[in-house]
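Undergrad: Structure below; questions to follow.
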RNA sequence: GCCGGGAUGGCGGAACUGGCAGACGCCAUGGACUUAAAAUCCAUUGGGCUACUCAGCCCGUGCGGGUUCGAAUCCCGCUCCCGGCACCA
């Protein structure tokens with residue numbers, strides 16, 4: 001009686017064994033080439049979902065593959081454990097965020113172990129553990145010391161549902177990235193990280209990231225939004241105030257017919273003071289700033305008003321009216337723009353609505369320069385009506401005007417970024433406390449390093465209403481000033497969880513290190529992450545913040561690398577019936593259930609086989625069955641043992657070595673696990689059909705499959721009587737001799753249409769091939785009575801006869 | 001609106017440098033084994049037409065053109081879908 005593959009017993013057995021032998025522990029070894037394989041660590045929501053399984057299966061295959069190739073592979077796992085849901089759970093279930101989080105971690109760790117991931121669990125980190133957030137706080141202080149952390153007041157994004165502020169990156173289309181609630185604007189004093197100081201480097205170093213998807217780099221480029229231009233100083237007519245205006249189109253400066261200030265622009269108040277416009281302007285500003293971010297993105301109607309004042313264009317001394325309008329943002333550039341309706345769509349729309357003059361100063365390609373155009377012409381062209389600059393065009397015009405302005409002291413070249421500083425304060429309990437103390441005498445005082453961590457008080461009450469929970473905890477708030485010793489108050493805001501996740505990949509390199517956030521030697525050995533794998537949703541958020549942190553730490557001499565992630569793989573979503581799996585849709589397939597029913601190897605194999613990693617994957621129960629069937633097929637094939645005797649069949653040997661080549665290249669160069677698996681399937685089909693199957697063939701099959709199905713292959717390896725773990729064996733190498741075929745099939749075409757297939761010795765000459773093609777009866781029937789005008793020969797592949 | 005990515009059988013997908021379109025898997029159908037079923041194994045499986053002995057021809061990779069001996073692949077022009085950004089001056 002043939003023994004069936006008992007996946008349950010086998011998987012449990014080997015998981016126990018790997019744990020017992022500490023099979024996946026990694027140690028630094030400068031003698032060996034390292035490979036750092038990392039998947040984005042999860043938020044411990046309580047249960048793994050299929051997206052996690054996909055993410056971690058991809059990483060696991062790579063890690064195991066690289067290990068077999070002889071690399072010293074760091075493959076760690078941990079928890080992005082601070083965040084809102086824990087507080088919501090605390091309110092709803094009357095539990096403590098820590099209790100909830102730690103029990104979730106425990107469950108998810110169990111689930112990961114059950115999937116057979118080869119993590120070195122001794123390196124596990126959880127960002128909510130004081131051992132970890134002590135160093136998050138330490139890094140905050142590092143940024144503070146380096147002038148990169150500051151408290152500033154400004155209009156900030158407020159999510160009323162999360163009851164906290166958000167960074168710009170965390171507002172998506174006007175709504176909170178997490179809960180989708182429309183975000184409001186509030187003026188608050190908050191902590192920021194000066195990421196803008198690194199804008200140029202974050203942009204430039206994207207060039208170093210050859211292993212990143214172009215799409216992600218484009219998104220980061222757009223987000224940083226560098227634009228080159230000139231800041232021109234207009235002068236307020238009556239008061240003489242300077243009104244700097246940023247433009248990228250200084251070649252249109254002679255076309256300025258008005259100036260627009262942001263409604264909140266500080267000059268508005270001054271210029272309208274005591275005039276008939278004062279009250280209306282104030283009301284207009286109040287209305288504009290009350291707009292939520294969502295309204296801002298949808299309210300397209302441009303509105304504005306004249307504020308009764310004029311400014312002088314420094315280029316031509318022209319007097320232009322001053323307006324305020326809702327489409328000018330105080331946060332970008334100088335909060336004031338020049339109105340050039342002839343050459344800017346927004347200005348044109350605005351000018352049409354309010355009857356402002358449209359003055360053409362750039363000639364169109366057709367040569368026309370209509371006095372009253374019907375639409376804005378926004379491309380480049382020769383300047384007209386522009387005094388000494390007439391005739392200059394494009395880059396040359398931009399340069400000449402900028403030079404002139406700088407020379408005359410009218411304006412200066414400037415580079416503007418769309419990127420804003422990173423707002424990191426959160427009015428939440430479950431986060432890393434910002435290590436700052438406010439003293440009436442000494443002002444803002446950083447907590448001394450030796451006092452870290454500033455730990456979260458455990459005794460807290462979650463009501464679900466009111467301000468930050470920490471504000472109400474007297475024992476936490478009340479402290480003494482580290483400088484003067486007098487009574488002082490602690491900062492009660494905690495840090496954005498993205499701060500915690502901006503450096504975790506470094507902590508893994510020396511997780512128990514007590515003298516700093518990282519051991520410099522360890523970080524320098526392991527960094528950068530050679531392969532990072534995660535969802536595209538972090539294209540800007542986490543991936544930009546982490547790059548920023550890496551650069552700060554590089555400046556501080558803590559790491560020698562400038563970029564944290566050398567290669568990035570963004571995996572697609574796991575869909576069910578065409579849409580993302582979600583609780584509300586009720587189309588969730590739980591990993592635990594699949595593992596229970598088919599085993600971890602099946603789950604992993606299916607998810608890798610169903611689609612290339614970057615594309616979305618449609619879940620299919622039938623597909624899972626197929627993967628399961630295949631594993632059983634391998635089981636039976638290998639246990640059957642070698643077949644026949646004598647010399648190995650060269651065709652089988654060829655198939656074997658072709659499979660090694662294909663699987664190796666697909667994993668290593670293309671991450672096409674689906675085609676790698678299909679190559680293994682083809683090999684299995686070949687071996688089933690073959691009359692002679694060698695021990696070598698079966699052994700190689702098991703090795704090739706090992707990264708994908710770690711439990712099954714480990715069991716087979718031992719049943720074959722082999723020593724040691726299959727996962728510590730050397731990855732098979734193909735023999736280039738073995739894959740050379742003696743005879744190849746060559747396609748014969750007549751006028752590009754396939755008419756015959758001929759068997760010819762490999763390496764036949766062009767003339768020989770052409771002759772053999774002509775010798776074919778079938779081919780003859782197609783060329784009979786016609787003239788051969790051309791013969792195209794692709795050696796070992798194809799002959800094409802062109803006839804007339 | 002701008003920037004990216006995509007469209008290939010009933011389905012997921014493959015085709016790496018322009019060279020046999022549809023590998024591999026799923027589904028389906030037929031056969032073998034079995035008292036029967038499951039499991040397993042073998043075979044067929046893009047569409048159409050002519051043959052049904054053995055095959056042969058035509059069409060076919062979102063649409064319309066082009067380059068080429070030859071195009072899923074390159075170029076030009078469109079349609080639709082997905083993602084990102086969106087008054088950024």
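Undergrad: Read through the list (1) in contact with a helix residue (DSSP H, G or I) (Cβ under 9 Å, 6 or more places away or on another chain); (2) more than 30 Å from residue A:420 (Cα to Cα); (3) in contact (Cβ under 8 Å) with a residue 40 or more places away in the chain, then give the number of the only condition that residue A:373 fails.
TA: So the condition that residue A:373 fails would be (3).
Undergrad: Additional query: So is residue A:595 closer than 25 Å to residue A:721 by Cα and away from RNA strand B (no atom under 13 Å from the Cβ) or not?
TA: Numbers: closer than 25 Å to residue A:721 by Cα: no; away from RNA strand B (no atom under 13 Å from the Cβ): yes.
So residue A:595 fails the test.
Undergrad: Among the residues of the range A:405-424, which ones are over 20 Å from residue A:332 (Cβ atoms) and surrounded by fewer than 16 Cβ atoms within 10 Å (Cβ to Cβ)? Outline the logic, then answer.
TA: Of the range A:405-424, the ones over 20 Å from residue A:332 (Cβ atoms) are A:405-410, A:424.
Passing the criteria: A:406, A:407, A:408, A:409.
Undergrad: Among (1) more than 13 Å from RNA strand B (Cβ to nearest atom); (2) crowded, with 19+ Cβ neighbours inside 10 Å; (3) under 21 Å from residue A:707 (Cα atoms), where does residue A:608 come up short?
TA: For residue A:608, the exception is condition (1).
Undergrad: Would you tally the residues in the range A:679-709 being farther than 24 Å from residue A:58 by Cα and part of a loop (DSSP other than H, G, I, E, B)? Quick ask: steps written out before the conclusion?
TA: Looking only at the range A:679-709, we keep the residues that are farther than 24 Å from residue A:58 by Cα, and these are A:685-698.
Next cut, part of a loop (DSSP other than H, G, I, E, B) only: A:690-692, A:694.
Number of matching residues: 4.
Undergrad: Could you figure out which of (1) within 13 Å of RNA strand B (Cβ to nearest atom); (2) touching a strand residue (DSSP E or B) at 6+ places or on another chain (Cβ under 7 Å) isn't true of residue A:692?
TA: (1)
Undergrad: Related question: Scanning the range A:611-629 for residues that are more than 7 Å from RNA strand B (Cβ to nearest atom) and not in a helix (DSSP H, G or I), which turns out surrounded by the fewest Cβ atoms within 10 Å (Cβ to Cβ)?
TA: Here the residue is A:614.
Undergrad: Looking at (1) more than 19 Å from the chain's Cα centre (by Cα); (2) under 25 Å from residue A:212 (Cα atoms); (3) touching a residue at least 60 places away in the same chain (Cβ under 8 Å); (4) within 16 Å of RNA strand B (Cβ to nearest atom), can you tell me which one residue A:575 breaks?
TA: Going through the list (1) more than 19 Å from the chain's Cα centre (by Cα); (2) under 25 Å from residue A:212 (Cα atoms); (3) touching a residue at least 60 places away in the same chain (Cβ under 8 Å); (4) within 16 Å of RNA strand B (Cβ to nearest atom), residue A:575 breaks only (3).
Undergrad: Residue A:748: more than 30 Å from residue A:703 (Cβ to Cβ), more than 47 Å from the chain's Cα centre (by Cα) and surrounded by 13 or more Cβ atoms within 10 Å (Cβ to Cβ), yes or no? If you could, list the steps in order and put the result at the bottom.
TA: On the way: more than 30 Å from residue A:703 (Cβ to Cβ): yes; more than 47 Å from the chain's Cα centre (by Cα): yes; surrounded by 13 or more Cβ atoms within 10 Å (Cβ to Cβ): yes.
Taking the combined requirement at face value, the residue satisfies it.
Undergrad: Can I ask one more? Does any residue of the range A:650-663 turn out to be near RNA strand B (Cβ under 8 Å from one of its atoms) and modelled with pLDDT of 90 or more? It would help to see each step written out before you state the result.
TA: Just the residues of the range A:650-663 that are near RNA strand B (Cβ under 8 Å from one of its atoms), to begin with: A:662.
Next cut, modelled with pLDDT of 90 or more only: A:662.
Within the range A:650-663 (the criterion being near RNA strand B (Cβ under 8 Å from one of its atoms) and modelled with pLDDT of 90 or more), the answer is yes, since at least one residue qualifies.
Undergrad: Which of the helices (runs of 4 or more DSSP H) contained wholly in the range A:710-804 include at least 2 residues that are away from RNA strand B (no atom under 13 Å from the Cβ) and in contact (Cβ under 8 Å) with a residue 12 or more places away in the chain?
TA: A:710-719, A:766-774
Listed here are the residues, each with its yes/no results for (1) within 16 Å of RNA strand B (Cβ to nearest atom); (2) surrounded by fewer than 19 Cβ atoms within 10 Å (Cβ to Cβ).
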| position | (1), (2) |
| --- | --- |
| A:126 | no, no |
| A:140 | no, no |
| A:151 | no, yes |
| A:154 | yes, yes |
| A:160 | no, yes |
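Undergrad: Condition first: buried (at least 20 other Cβ atoms within 10 Å of the Cβ) and modelled with pLDDT of 95 or more. Can you find one or more residues in the range A:83-94 that meet it?
TA: For the range A:83-94, residues buried (at least 20 other Cβ atoms within 10 Å of the Cβ) and modelled with pLDDT of 95 or more: absent.
Undergrad: Quick one: in the range A:198-229, which of the residues that are surrounded by fewer than 18 Cβ atoms within 10 Å (Cβ to Cβ) and in a strand (DSSP E or B) is nearest to RNA strand B (Cβ to nearest atom)?
TA: A:227
Undergrad: Which of the following residues is more than 14 Å from RNA strand B (Cβ to nearest atom) and free of Cβ contacts under 8 Å to residues at least 12 places away in the same chain: A:357, A:396?
TA: A:396
Undergrad: Do we have residue A:135 as farther than 26 Å from residue A:222 by Cβ and surrounded by 16 or more Cβ atoms within 10 Å (Cβ to Cβ) here? Steps first, answer last, please.
TA: Details: farther than 26 Å from residue A:222 by Cβ: yes; surrounded by 16 or more Cβ atoms within 10 Å (Cβ to Cβ): yes.
Against the criterion (farther than 26 Å from residue A:222 by Cβ and surrounded by 16 or more Cβ atoms within 10 Å (Cβ to Cβ)), residue A:135 qualifies.
Undergrad: Since residue A:321 meets every condition but one in (1) buried (at least 20 other Cβ atoms within 10 Å of the Cβ); (2) assigned to a strand (DSSP E or B), which condition does it not meet?
TA: (1) is the only condition that residue A:321 fails.
Undergrad: I want to confirm something. Restricting to the range A:522-569 and keeping residues that are surrounded by fewer than 20 Cβ atoms within 10 Å (Cβ to Cβ), outside any loop (DSSP other than H, G, I, E, B) and without any contact (Cβ under 8 Å) to a residue 40 or more places away in the chain, which single residue is nearest to RNA strand B (Cβ to nearest atom)?
TA: Top of the filtered list is A:537.
Undergrad: Take residue A:638 and tell me if it is surrounded by 22 or more Cβ atoms within 10 Å (Cβ to Cβ), over 33 Å from the mean Cα position of the chain (by Cα), modelled with pLDDT under 95 and over 30 Å from residue A:536 (Cα atoms). It would help to see each step written out before you state the result.
TA: Values: surrounded by 22 or more Cβ atoms within 10 Å (Cβ to Cβ): yes; over 33 Å from the mean Cα position of the chain (by Cα): yes; modelled with pLDDT under 95: yes; over 30 Å from residue A:536 (Cα atoms): yes.
Against the criterion (surrounded by 22 or more Cβ atoms within 10 Å (Cβ to Cβ), over 33 Å from the mean Cα position of the chain (by Cα), modelled with pLDDT under 95 and over 30 Å from residue A:536 (Cα atoms)), residue A:638 qualifies.
Undergrad: Suppose we filter the range A:174-183 for residues that are in contact with a helix residue (DSSP H, G or I) (Cβ under 6 Å, 6 or more places away or on another chain) and either at pLDDT 85 or above or in a loop (DSSP other than H, G, I, E, B) (or both); how many remain?
TA: Qualifying residue count for the region: 3.
Undergrad: Now a separate question. For residue A:503, all conditions in the list (1) surrounded by fewer than 22 Cβ atoms within 10 Å (Cβ to Cβ); (2) closer than 27 Å to residue A:163 by Cα; (3) touching a helix residue (DSSP H, G or I) at 6+ places or on another chain (Cβ under 8 Å); (4) touching a residue at least 12 places away in the same chain (Cβ under 8 Å) hold save one; what is the number of the exception?
TA: (1)
Undergrad: Next question. Here are A:351, A:309: which of them is assigned to a helix (DSSP H, G or I) and modelled with pLDDT of 90 or more?
TA: Working: A:309 fails: assigned to a helix (DSSP H, G or I).
Every option except A:351 fails the conditions.
Undergrad: Name the residue that is farthest from RNA strand B (Cβ to nearest atom), counting only residues in the range A:337-352 that are crowded, with 22+ Cβ neighbours inside 10 Å and under 37 Å from the mean Cα position of the chain (by Cα).
TA: Result: A:343.
Undergrad: From the list A:9, A:23, which one is surrounded by 10 or more Cβ atoms within 10 Å (Cβ to Cβ), within 21 Å of residue A:718 (Cβ to Cβ) and touching a residue at least 60 places away in the same chain (Cβ under 8 Å)? Walk me through how you get there before you give the answer.
TA: Details: A:9 fails: touching a residue at least 60 places away in the same chain (Cβ under 8 Å).
Step by step, each of A:9, A:23 is checked, and only A:23 is surrounded by 10 or more Cβ atoms within 10 Å (Cβ to Cβ), within 21 Å of residue A:718 (Cβ to Cβ) and touching a residue at least 60 places away in the same chain (Cβ under 8 Å).
Undergrad: Can you name the number of the only condition in (1) within 9 Å of RNA strand B (Cβ to nearest atom); (2) at pLDDT below 90; (3) buried (at least 19 other Cβ atoms within 10 Å of the Cβ) that residue A:298 fails?
TA: With (1) within 9 Å of RNA strand B (Cβ to nearest atom); (2) at pLDDT below 90; (3) buried (at least 19 other Cβ atoms within 10 Å of the Cβ) applied to residue A:298, the lone miss is (3).
Undergrad: In contact (Cβ under 8 Å) with a residue 40 or more places away in the chain, away from RNA strand B (no atom under 11 Å from the Cβ) and crowded, with 16+ Cβ neighbours inside 10 Å: does that describe residue A:232?
TA: On the way: in contact (Cβ under 8 Å) with a residue 40 or more places away in the chain: yes; away from RNA strand B (no atom under 11 Å from the Cβ): no; crowded, with 16+ Cβ neighbours inside 10 Å: yes.
It is false that residue A:232 is in contact (Cβ under 8 Å) with a residue 40 or more places away in the chain, away from RNA strand B (no atom under 11 Å from the Cβ) and crowded, with 16+ Cβ neighbours inside 10 Å.
Undergrad: Report yes if some residue within the range A:263-279 is touching a residue at least 60 places away in the same chain (Cβ under 8 Å), more than 15 Å from RNA strand B (Cβ to nearest atom) and in a loop (DSSP other than H, G, I, E, B); otherwise report no.
TA: Taking every residue of the range A:263-279 in turn, none turns out to be touching a residue at least 60 places away in the same chain (Cβ under 8 Å), more than 15 Å from RNA strand B (Cβ to nearest atom) and in a loop (DSSP other than H, G, I, E, B).
Undergrad: Okay, next question. Looking at (1) more than 10 Å from RNA strand B (Cβ to nearest atom); (2) under 29 Å from the mean Cα position of the chain (by Cα), which is the one condition that is false for residue A:674?
TA: (1) is the only condition that residue A:674 fails.
The values are calculated or read from the model by the stated rules, or taken from the named source; none is laboratory data. In this text, all values refer to a predicted model and were calculated from it rather than measured experimentally. Cβ: placed from backbone, ideal geometry, glycine included. Neighbour counts: every protein chain shown.
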